[in-house]
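To keep things clear, I will list the structure first and then write my remarks on it.
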Amino acid sequence: MKRIRSSIIDGVGFDLVLVGIPLVFLLLFSGLPLVYNVLMSFQEVDLFSLGEVFRPFVGLKNYRALFAQPEFWPIMWNTVIFVFCSIGGQFIVGFGLAVFFNTGFRGSTFIRGLFLVSWVMPGLVVGATWNWILAGDFGVLNYLLSSIGVISENIFWRSDINYSLWAVIITNIWLGTAFNMILLSVGLAGIPKDLYEAASLDGATAFQKFWTITVPMMRSTTGAVISLGLIFTLQQFDLFAAITGGGPANSSNVAQYWAWELSFRQYDFARGATISTIMIAVVMVASVFYVRSTRHEVRG
Amino acid sequence: MMTPHLNRIYLGAAIVFAIIYLFPLYWMYVTALKSGSEIFAYPPTFIPKDPQWGVFSHVWEVRGMGRFIWNSLVIATGTMILVAGLGTGCSYVLARYRNIWIDVALFLVLMLQVLPASLMITPLFVGFSAVGLLDYPRFAVILAVTAKAMPFFVILVRATFMAVPAELEEAALVDGNSRVGAFVSVVLPLARNGVLVSAILIFMQAFGEFVYSKSIIQDVNLQPASVGLNAFMGPNTVEWNNIMAYATIYVTPILAAFVLLQQRIVAGLTSGALK
């Protein structure tokens, strides 16, 4: 007993305690639910058996039932569009801004930092604000678009099934651009300046320098930022809750919102767990790419 | 480097970009100040004609915001304390050694960071109901948010501990400190800023948390401000000035804290997030 105590105060035990307790906590509240989720997706769950661990096993019935639902494929397709367009938009705008701010004019760090307010705002506040901006009759976005002549009549962003998903995508691009920009700025700052100076001496144009130095040197950062973007985009929930609620008629529903709806709107926890299991597998694959692209840095 | 003239052009462009980007925030503030009829004016007014400063106290009272904000504070404070208490030591150990076990633990932490809350809530809710934690809904939310936020904290703070020279700790050990003594009196003070900034980031995140609170907390008296805002936005609402006033009250303290700590937060993010 005494040896254990002295080891905790002055030996390896100290490290083990410091790292052990948090890991046990994480396994208890993240790892265990993960396993439990997979288990539930193979069980029959109703409100009466909610408190039990061992319920009747039904094999792949939940999966088959889920795939057979008519909204399954449209929602999956929405998820793909949402993820692809959100990441694309965030990355392109973020990269442009990062290159711009990387010129290092006086005041650039301060103004660049201001962009991050979008990232610290609660998701519900961002969603509420954009919900109002995107309003059909009185929304300021419709006013601005029609006054510069892009649209001739108001777009009902939230209630038109052709635009509802885009309402969330636009908001999500706004939300994620700043974070993308900051991460890309780190990569840009890491490119040695003498490369550009040497290219200038050789008479390269700005475009050539961008294409032959910036783009190749940013490859590993780009990989990390894109896979992080995939992870964060698949986590996006608040904007759906605050802007469209997945509607109208599931036209803006995506997998992560649907999983919650199945569990907490329709109380079908088995199907909620089933779609969660599928999506968690997708996220895991993305995070392996992320870890791979930052591995050399993780090792220090 | 740059001529003053060119510098001014770039600065001007940067300000224009910032104004465009931050327009939604401006729109939230001006909408809150407009009257119930002015918000539906066409073309919309960009500066409120008759600012309604009383809207904030009105919304605060009518929506019972004191209770919502208090619950948000309870959840955010509890999460921050739990995350910092558990995560600081963990990140220290993960920064101090380099071997295969540390790599395994880091990989585990990174993997757990990516699990979306809206997917994890199903098993968490069922599990919490099985062990009776749903009777203490705010505590249950704190536990769930802590599990979600801790990996991010560990990654940020680990970068801070990496910057503390190991020689300083070794010197303290040679001087007769125990491991605990060296950690508390030498390493921790040197990493204080990084730990504080990361803890504040966790606080901000937990202050805006929605999925777990919405699903776990059924009692209106225990719900945080995010759930209250969601309930305020019915499908056919016309009270957008009041909703924006609610949002303003909710978000302004966070924005103020962010602007004050901006440089440190950005520095912390850029050193930790990609490493």
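Being among the aromatic types (Phe, Trp, Tyr) and closer than 24 Å to A:MET121 by Cβ narrows it down to one of A:PHE237, A:PHE207, so name that one.
A:PHE237
Can you tell me which condition A:ILE243 does not meet? The list is (1) in contact with a helix residue (DSSP H, G or I) (Cβ under 9 Å, 6 or more places away or on another chain); (2) of a type in the set (A, V, I, L, M); (3) closer than 30 Å to A:GLY187 by Cα, and all the others hold.
(3)
Restricting attention to the stretch A:139-165, and to residues there that are in a helix (DSSP H, G or I) and touching a residue at least 40 places away in the same chain (Cβ under 8 Å), which single residue is nearest to A:LEU228 (Cα to Cα)?
A:LEU165
Within the stretch B:155-166, track down each residue that is more than 7 Å from every other protein chain (Cβ to nearest Cβ) and either surrounded by fewer than 24 Cβ atoms within 10 Å (Cβ to Cβ) or more than 24 Å from B:LEU73 (Cβ to Cβ) (or both).
B:ILE155, B:ARG158, B:ALA159, B:THR160, B:PHE161, B:ALA163, B:VAL164, B:PRO165, B:ALA166
So in the stretch B:232-266, with the set limited to residues that are closer than 30 Å to A:SER293 by Cβ and without any contact (Cβ under 8 Å) to a residue 40 or more places away in the chain, which one is farthest from the other protein chains (Cβ to nearest Cβ)?
It comes out as B:GLN263.
Among the residues of the stretch B:210-231, which ones are within 8 Å of another protein chain (Cβ to nearest Cβ) and of a type outside the set (A, V, I, L, M)?
Matches in the stretch B:210-231: B:PHE210, B:LYS214, B:SER215, B:SER226, B:ASN230.
Only residues that are of a type in the set (S, T, N, Q) and either loosely packed, with under 15 Cβ neighbours inside 10 Å or closer than 21 Å to A:PHE240 by Cα (or both): list them for the stretch A:140-173, please.
So in the stretch A:140-173, the residues of a type in the set (S, T, N, Q) come out as A:142, A:146-147, A:152, A:154, A:159, A:162, A:164, A:171-172.
Residues satisfying the conditions are A:ASN142, A:SER147, A:SER152, A:SER159, A:ASN162, A:SER164, A:THR171, A:ASN172.
Please enumerate the residues belonging to the stretch B:74-121 that are at the interface with chain A (Cβ under 8 Å from one of its Cβ atoms), free of Cβ contacts under 8 Å to residues at least 24 places away in the same chain, more than 23 Å from the chain's Cα centre (by Cα) and part of a helix (DSSP H, G or I).
B:VAL93, B:ASP103, B:ALA105, B:PHE107
Of the residues that sit in the stretch B:19-73 and are assigned to a loop (DSSP other than H, G, I, E, B) and of a type in the set (S, T, N, Q), which one is nearest to B:MET204 (Cα to Cα)? It would help to see each step written out before you state the result.
We begin by selecting, within the stretch B:19-73, every residue assigned to a loop (DSSP other than H, G, I, E, B); these are B:22, B:34-37, B:41-54, B:63-64.
Okay, now just the ones that are also of a type in the set (S, T, N, Q), so B:35, B:37, B:45, B:52.
Working: B:SER35: 31, B:SER37: 34, B:THR45: 32, B:GLN52: 28 Å.
Ranking the candidates gives B:GLN52 first.
With the structure loaded, tell me whether A:ILE170 is part of a helix (DSSP H, G or I) and β-branched (Val, Ile, Thr) or whether it fails that test.
Yes, satisfied.
Pairs needed: first member in the stretch A:65-83, closer than 18 Å to A:TRP166 by Cα; second member anywhere, polar (S, T, N, Q) and in a helix (DSSP H, G or I); C-beta distance under 9 Å; at least 6 residues apart or different chains.
From residues that are closer than 18 Å to A:TRP166 by Cα, the pairs are A:THR79/A:GLN256; A:PHE82/A:ASN172; A:PHE82/A:THR233; A:VAL83/A:THR233.
Output the number of residues of the stretch A:94-118 satisfying the condition of being within 15 Å of A:ILE173 (Cα to Cα) and facing chain B (nearest Cβ under 9 Å).
Residues meeting the conditions: 5.
Go over the candidates A:TRP166, A:TRP211, A:TRP174, A:TRP157 one by one and state the one that is on the phi < 0 side of the Ramachandran plot, within 12 Å of chain B (Cβ to nearest Cβ), out of contact with any strand residue (DSSP E or B) (no Cβ under 8 Å at 6 or more places or on another chain) and not small (Gly, Ala, Ser).
It is A:TRP174.
Do you know which residues across the stretch B:18-39 are aromatic (Phe, Trp, Tyr), surrounded by fewer than 18 Cβ atoms within 10 Å (Cβ to Cβ) and without any contact (Cβ under 8 Å) to a residue 40 or more places away in the chain?
Within the stretch B:18-39, the subset aromatic (Phe, Trp, Tyr) is B:21, B:23, B:26-27, B:29.
If we keep only those that are surrounded by fewer than 18 Cβ atoms within 10 Å (Cβ to Cβ) too, we end up with B:23, B:26, B:29.
Answer for the stretch B:18-39, where residues must be aromatic (Phe, Trp, Tyr), surrounded by fewer than 18 Cβ atoms within 10 Å (Cβ to Cβ) and without any contact (Cβ under 8 Å) to a residue 40 or more places away in the chain: B:PHE23, B:TYR26.
Consider the stretch A:122-139. How many of its residues are within 7 Å of chain B (Cβ to nearest Cβ) and either farther than 17 Å from B:THR237 by Cβ or surrounded by fewer than 19 Cβ atoms within 10 Å (Cβ to Cβ) (or both)?
Count: 3.
Is it the case, given these coordinates, that A:LEU26 is out of contact with any Cys (no Cβ under 8 Å at 6 or more places or on another chain), modelled with pLDDT of 85 or more, buried (at least 20 other Cβ atoms within 10 Å of the Cβ) and not in a strand (DSSP E or B)? Talk me through it step by step, then tell me what you get.
Details: out of contact with any Cys (no Cβ under 8 Å at 6 or more places or on another chain): yes; modelled with pLDDT of 85 or more: yes; buried (at least 20 other Cβ atoms within 10 Å of the Cβ): yes; not in a strand (DSSP E or B): yes.
Taking the combined requirement at face value, the residue satisfies it.
The values are calculated or read from the model by the stated rules, or taken from the named source; none is laboratory data. If you're wondering where the values come from, they're calculated on a predicted model, not measured in any experiment. Here Cβ is always computed from backbone atoms with ideal geometry, including for glycine, and neighbour counts include all displayed protein chains.
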